[in-house]
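J.: Following this message is one structure expressed as structure tokens.
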Amino acid sequence: MTSQWWKDAVVYQVYPRSFADGNGDGIGDLAGILERLDYLQNLGINVLWLSPVYASPMKDNGYDISDYRAIAAEFGSMEEMQKLIKEADKRGISILMDLVVNHTSDQHAWFQESCSSRTSAKRNWYIWEDADETGAPPNNLRSIFGGSCWEWDENTGQYYFHSFAKEQPDLNWENDEVREAVYDMIRWWLDQGIAGFRVDAITFIKKPEVHKDQPADASDGTSVVKPNQPGINAFLKEMKEKGFQSEEVMTVAEAPGVAPEELPAFAGENGFFSMLIEFDHVDLDITPSGRWFESVGWTTADFRRAITRSQQKVNEGGWSALYLENHDQPRSLSRYIPEADQGTKTAKLLATVYFFLRGTPFIYQGQEIGMQNVTYASLSDYDDLSTIDQYHAARQEGLSESEAFAVVSRRSRDNARTPMQWSAEKNGGFSEGEPWLKSNTNTAVVNVEKAEKDTDSILHYYRSLVTIRRSEAWKDWLRDGIYEEVEQVHPDVFVYRRVYKEKALTVAANFSRHPVTVELPAPLEEKVAGNETGLHAEGTLLHLTPYEAVAATGPEGGK
Ligand code: TEU
Ligand code: CA
């Protein structure tokens with residue numbers, strides 16, 4: 001492997017609980033993933049990111065870890081994990097583990113010891129503070145999953161800090177022993193033969209000032225905890241030096257709060273990570289408070305601007321994880337395309353638009369077959385703790401039951417967590433048993449088996465895009481080509497170029513249900529990919545049918 005090999009990779013994300021159930025208990029597991037490795041190999045991807053599979057009480061489906069060096073019983077065993085690493089490797093696939101070190105589970109031995117007494121040797125492994133004179137917490141910070149960041153511990157008479165759920169106490173990164181224990185665990189996993197990590201919520205490790213309120217962003221006087229606090233860089237630098245150690249280790253940092261301007265410092269030459277998971281293009285519909293009901297309108301132009309802002313920084317030496325979906329986001333078809341127009345053509349449009357950007361493409365399970373948001377009948381169908389909190393927050397702020405329900409149906413993280421749709425069989429072929437989360441009702445129409453048989457399917461299209469990205473002919477071009485937006489008059493059209501040496505690749509996408517004609521700096525040459533047959537160009541004019549997206553070489557040379 002050459003250094004920075006991950007710049008040429010294509011990543012597939014598996015949410016283990018929902019991918020494939022090997023033993024019929026309704027919960028996805030490592031055995032299920034092992035059975036589907038050939039599918040992933042056929043898709044052409046070469047990195048597999050597993051959302052957490054560690055031992056966990058599963059309050060947040062594994063993002064609450066109780067033992068970093070054990071696999072959750074419901075997912076399998078360490079032997080199966082080792083087998084997965086080996087079997088994946090045989091198929092040219094490297095494994096990324098999810099590294100969750102902003103917090104542990106409250107059931108982790110470290111926290112159990114920390115809360116056993118004020119004089120415990122691990123007391124300072126977490127963040128403990130006295131109540132103020134009135135018994136209230138030291139500040140007004142609100143956690144990402146709702147309620148105060150401070151949870152009262154009756155036993156020792158102090159509050160502990162949590163950025164997420166109260167069952168996810170934050171580790172105290174100011175403590176040298178904590179950091180050393182984390183680095184030790186990182187090295188241990190690398191020794192198991194994994195290629196690296198997706199690094200969870202890492203910009204939260206530096207905490208805001210304790211004895212200070214922040215300006216309220218909710219009617220209850222609270223203010224959501226903000227990531228990327230000053231002083232974080234020292235921790236990130238040290239984690240790279242002592243934990244990851246090598247540029248060959250692929251590190252994908254989930255980095256809320258990092259502005260595009262900081263991208264080169266975070267993920268450029270000598271950056272802290274290989275690449276960043278950014279948020280601007282998926283947070284278009286919400287305000288900084290993170291409360292889903294405060295939804296804001298957005299247009300294709302906003303989406304385009306968010307992408308361009310980030311890509312310009314990638315040009316300057318940052319590196320980006322290119323994605324439209326993951327386990328925290330609604331399905332991209334449902335989010336970016338009006339309901340009446342969601343289908344094969346529009347799914348291919350979305351794929352075309354992001355796959356040719358500068359960065360490393362990520363595909364989230366089910367995206368490659370056009371899975372869509374789920375429609376549930378009641379709040380009790382949902383599992384995600386954030387969904388439940390967001391529903392109650394919306395009610396608190398005066399929304400009616402049905403309004404609040406509409407908000408969470410649109411935004412719920414469970415939209416992406418419904419069982420993977422393998423076939424038209426029971427539960428979409430995910431499990432013989434009752435799935436832990438209800439399947440989407442469209443399994444008969446949207447499933448892998450059907451997509452395999454149809455050469456025009458979204459799945460076959462993704463396969464062709466992965467092939468292009470990884471081919472010798474395109475690899476260098478798509479890695480190093482400069483991103484340039486080609487300004488258009490039409491607000492629903494997104495055109496960009498990837499300029500490499502004397503060559504250029506143009507990507508044009510029509511996000512509207514009307515035909516449009518765009519004007520290019522020079523004529524296009526050869527079509528590379530697209531969701532229509534042929535290329536409808538006349539000189540410098542390119543005609544696009546409704547929702548057409550096309551990638552083609554040209555115009556030759558500079559502008
Ligand atoms: O997500 C972090 C997270 O919640 C942010 O993306 C958040 O949405 C944003 O900062 C709001 O502004 C990660 C995991 O992806 C998620 O599944 C976990 O629940 C969470 O961390 C806690 O571990
Ligand atoms: Ca199972």
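Computed from the coordinates by the stated procedures, all read-outs in this text should not be read as laboratory data. Since the model is a prediction, treat every value here as computed from it, not as a measurement. Cβ: placed from backbone, ideal geometry, glycine included. Neighbour counts: every protein chain shown.
J.: How high is the relative contact order of the chain, in percent, counting Cα pairs under 8 Å that sit 6 or more residues apart?
T.: Numbers: 1195 pairs, mean separation 71.3, N = 559.
This gives 13 percent for the chain.
J.: A follow-up question, please. Where the centroid of each part is defined by its Cα atoms, how far is segment 233-299 from segment 520-559 in Å?
T.: 33
J.: Please list, ordered by chain and number, the residues whose modelled amide H lies under 5 Å from the amide H of I71; skip anything fewer than 5 residues away on the same chain.
T.: Those lying under 5 Å, H to H, from I71 are A55, M78.
J.: Output ³J(HN,Hα) for segment 123-134: one whole-Hz value per residue in order, computed from phi by the Karplus curve 6.51 cos²θ - 1.76 cosθ + 1.60 with θ = phi - 60°, and x for Gly and Pro.
T.: Once rounded to whole Hz, the list reads 3, 7, 6, 10, 10, 10, 9, 6, 6, 7, 4, 8.
J.: Still on this structure: Sort 533-542, 29-38 for me by packing, meaning the mean count of neighbouring Cβ atoms within 10 Å per residue, highest on top.
T.: Values: 533-542: 13.6, 29-38: 19.2.
Highest-to-lowest ranking by the protection proxy: 29-38, 533-542.
J.: In whole percent, what relative contact order does segment 200-337 give with Cα contacts below 8 Å and a gap of six or more residues?
T.: On the way: 167 pairs, mean separation 30.3, N = 138.
Worked out over segment 200-337, it gives 22 percent.
J.: Relative to the longest principal axis of the chain, what angle (0 to 90°, nearest 10) does the C-alpha long axis of helix 300-315 take?
T.: So the inclination is approximately 80 degrees.
J.: Now, a different point. Among S457, S380, rank each residue by its count of other Cβ atoms within 10 Å, from fewest to most, as a rough exposure measure.
T.: Details: S457 20, S380 8.
Result, fewest neighbours first: S380, S457.
J.: Place a point 7 Å from Cα of H211 in the direction of its Cβ. Which residues in segment 114-137 have their backbone N less than 17 Å from it?
T.: 128-137
J.: Also, quick follow-up: Count the DSSP beta bridges whose two residues both fall in the chain, then state the antiparallel fraction as a percent rounded to the nearest 5. Write out the running numbers ahead of the final one.
T.: Details: 37 of 64 bridges.
Counting only bridges with both partners in the chain, antiparallel ones make up about 60 percent.
J.: Taking amide hydrogens as modeled 1.01 Å from N in the peptide plane, which residues meet the under 5 Å criterion relative to V528, leaving out close sequence neighbours?
T.: A551, A552, T553
J.: What does the net charge come to around N427 if you take all other residues with beta carbon closer than 10 Å to its beta carbon, with K and R at +1 and D and E at -1? Write out the running numbers ahead of the final one.
T.: Numbers: positive: K426, K438; negative: D21, E425, E432, E434.
Here the charged neighbours net out to -2.
J.: Would you mind calculating the gained length between E485 and D132 on full extension (0.36 nm times residue separation, minus the Cα-Cα distance), in nm to one decimal? Walk me through the numbers on the way to the answer.
T.: Details: separation 353, 0.36 × 353 = 127.08 nm, distance 5.32 nm.
Length gained, E485 through D132: 121.8 nm.
J.: If we count other beta carbons within 10 Å of each Cβ, what is the order of M81, M250, fewest first?
T.: Details: M81 23, M250 26.
Listed from fewest to most nearby Cβ atoms, that is M81, M250.
J.: Still on this structure, I have one more. If you line up the long axis of helix 401-411 against the longest principal axis of the chain, both from Cα atoms, how many degrees apart are they, to the nearest 10?
T.: Long axis of 401-411 versus the principal axis of the chain: about 60 degrees.
J.: Computed FRET efficiency, Cβ-Cβ of D38 and H392, R0 56 Å: what is it to the nearest 0.05? Mind showing how you got there, number by number?
T.: On the way: r = 44 Å, r/R0 = 0.78.
It comes to 0.80.
J.: Between S246 and L541, how many nm apart are label points set 7 Å from Cα along the C-beta direction?
T.: Placing both labels 7 Å along Cα→Cβ, they lie 5.7 nm apart.
J.: Distance cut-off 24 Å, Cα to Cα: go down the list K59/K348; K86/K348; K450/K527; K90/K475 and report the pairs above it.
T.: With Cα atoms farther than 24 Å apart: K59/K348; K86/K348; K450/K527.
J.: Same structure again: Within the set of other residues whose C-beta is less than 15 Å from the C-beta of D8, count the net charge using Lys and Arg as +1 and Asp and Glu as -1. Display every interim value, and only then the final one.
T.: Numbers: positive: K7, R358, R469, R470, K475, R479, R498; negative: E247, E248, E472, D476, D480.
With Lys, Arg at +1 and Asp, Glu at -1, the net is +2.
J.: Using only C-alpha positions, report the orientation-averaged shadow area of the convex hull of the chain, nm², one decimal. Don't jump to the answer; show the numbers that get you there.
T.: On the way: hull surface 99.2 nm².
Computing the convex hull of the Cα atoms and averaging its projections yields 24.8 nm².
J.: Cut-off is 10 Å between beta-carbons; in what order do L465, L99 appear when sorted fewest neighbours first?
T.: On the way: L465 24, L99 27.
By the 10 Å Cβ count, ascending: L465, L99.
J.: What 222 nm value per residue comes from the helices of the chain, counting each DSSP H run with n ≥ 4 as -39,500 (n - 2.57) and dividing by all residues, nearest 500 deg cm²/dmol? Numbers along the way, then the final one.
T.: Numbers: 15 runs with 144 residues, N = 559.
So the helix-based figure for the chain works out to -7500 deg cm²/dmol.
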